[in-house]
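Please read the structure below before turning to the comments.
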Amino acid sequence: MLHDYDILIGGGGLAGNCLALALQESGLKIALIEAQTREQLSESAAGDRALALALGTVQQLEILGIWQGVKQHATQIAQIHVSDQGHFGKTRLSAAREKVEALGYVITARDIESHVAQLVTAADIKQYCPAKISAITSHSNAVTVTVQQASEEVEIKAKLLVGADGGQSTVRQLLAIEQHKTDYGQTALVTTVNTYLPHHNTAFERFTAQGPLALLPVGNYQASVVWTRNPAQAAQLLNCSEADFIAQLQACFGYRLGELSLAAPRSAFPLTLIRAKKMHTDRCVIIGNAAHQLHPVAGQGFNLGLRDVVVLADSLIAQQQRGADVGASDFLQDYAKLRQHDHDKTIYFTDSLVKLFSNPHLPLAAARTIGLTLLDHLPLAKHQLARHAMGLKLKVDNHQL
C-alpha cells in the first residue's frame, strides 16, 4: 500500500508535533509517524523531567497556539542565582531589572507534551501510531519510507522526510548519519524536592568541582533538581536512603530554601555532548535531539530544538509559496546554513560552561570568583547574559528568534 505526502515527520514527540502544528495551515500535505502509543508516551518516566523554557521559546509557543493551553501549569522564573561552591563569587539576574514578566518558565515535560499531542489530534493531522520506520529509500524526486504498523507493512512516499525522533533517532541511524560525541564523564541525577521556604520564583545554578547543581522553581514550595556528579557519586546518591540523599544535597546546596524533602523518585542518566556530523542528506533532514544533545547545565536543549522547528517551518512555507521543491538538495543546504551559527554558538556556550565550572584548579577557581563578582556589578554585561538566557534577539541570519 502506497501513500503520498509532501512532508513526513518521523517522531511524534515535542519537536515533531510542534513542526506539524507549525505547518498545519501551510497547504502542505503532512503526516506523523510515531513508534509508541500515546499512552506509552504519556506514562514514560521521561515525562517527569522539568523543561526550562526561555522567554523567546515561550513567545514562539504562543505564536504556535501552544502556550495558551499550558501556561497555567508553568512556573515563572523571576530571578536566576548563579554561584560557585566554596567561593564567594555570585551573579543574580532579575526579570524586574530586565523589565520583562519572567526570564523564563519551568514546566513538566508531560504537561506540554500531552497538550501538544491533543492539538495535533484536534488538527486532524494524519498519524501513523504506533508505527516503526524500518527502511528509507531516497529517489530523485521523492523519498519512500517503509513503516511497520501492526502486522501490516506500509510504504509512504513524500518529498521530504524530517527526523524528529529524539536522541536514539531511528531516522538518523537508517540514514547512516554519524555523530560527534564528547563524554563528560558525568551523570545527571534528576528528582523533585519539597522546600520549607518559598523559592520566590528563583532558579538556582550552583557550580561545583564535580559539576553543576540546578534547582528550578516548581509551584510555590517545590523545586526540580538536576544534580551533576561523577558516575560513582551518582550511583551512590541514586541508591542511598532518602535521608542520606537529602543530607548530601543540603551540604551541596545549603539552606536557602530551608530543609528539603524528596517529592519524586530519583533517576539518572549519563551526560554526553552529541552532535550529528550533518543535518541533512537526500530528501531527509534531522532536527531537535536527533541532531544535537546538550549538557543540561544551561537548560538549552529544548530551546535549541524549537528554534530548529521554527526555522524549518518558516523555510518550508516560503519554499511552498514559491512553488519550489521542499525536498530539494539546495533548499536543505540553505536550511543547514541557517541553523549552523545557532548550533555552534549554543553548543559552544554550554560546553564552555561545563569545562570552566567543573575544573577544581585553584587559579581557574579564583578567576571564576572574580568573573562572577565583576559580572554582578556590570549592568551591561548582566543585561547581555540575561538576554542570552531568555533567548531574546538571537539573530540567526535572516531569522529573528
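Where a number appears in this text, it was derived from the coordinates with a stated rule and is not lab data. Keep in mind that this is a model prediction, so the values were computed, not measured. Cβ atoms come from the backbone with ideal geometry, glycine included; neighbour counts cover every protein chain shown.
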Taking the Cα-to-Cβ direction at Lys345 and at Asp183 and moving 7 Å from each Cα, how far apart do the two end points lie in nm? 3.3
I want to check the label-to-label distance for Gln118 and Ser261. Put each point 7 Å from Cα in the C-beta direction and report it in nm to one decimal. 3.1
Over the chain, relative contact order from alpha-carbon pairs under 8 Å, at least 6 apart, %: 21
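Starting from 0.36 nm per residue, how many nanometres of slack lie between Ala247 and Glu43 once their C-alpha separation is accounted for?
Computed gain between Ala247 and Glu43 is 70.4 nm.
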Among Pro198, Gln148, Val162, which residue has its Cα positioned farthest towards the positive end of the charge dipole of the range 144-300, with +1 placed on the Cβ of Lys and Arg, -1 on the Cβ of Asp and Glu, and the dipole taken about the Cα centre? Val162
Mean 1/r over distinct Cα pairs of the range 286-356, inverted to a Kirkwood Rh in Å, yields 13.1
Quote to one decimal, in nm, the extra length available between Asn141 and Asp314 on full extension: 0.36 nm per residue of separation minus the C-alpha distance between them. 60.1 nm
Cα pair distances exceeding 21 angstrom across the range 44-187, given as percent: 64
For Cα extents along the principal axes in Å, with candidates [x] 69, 44, 34; [y] 65, 49, 39; [z] 64, 45, 38, the value calculated from the shown model is option [z]
Calculated on alpha-carbon atoms, Rg and Dmax of the range 106-257 in Å: 22.0, 62
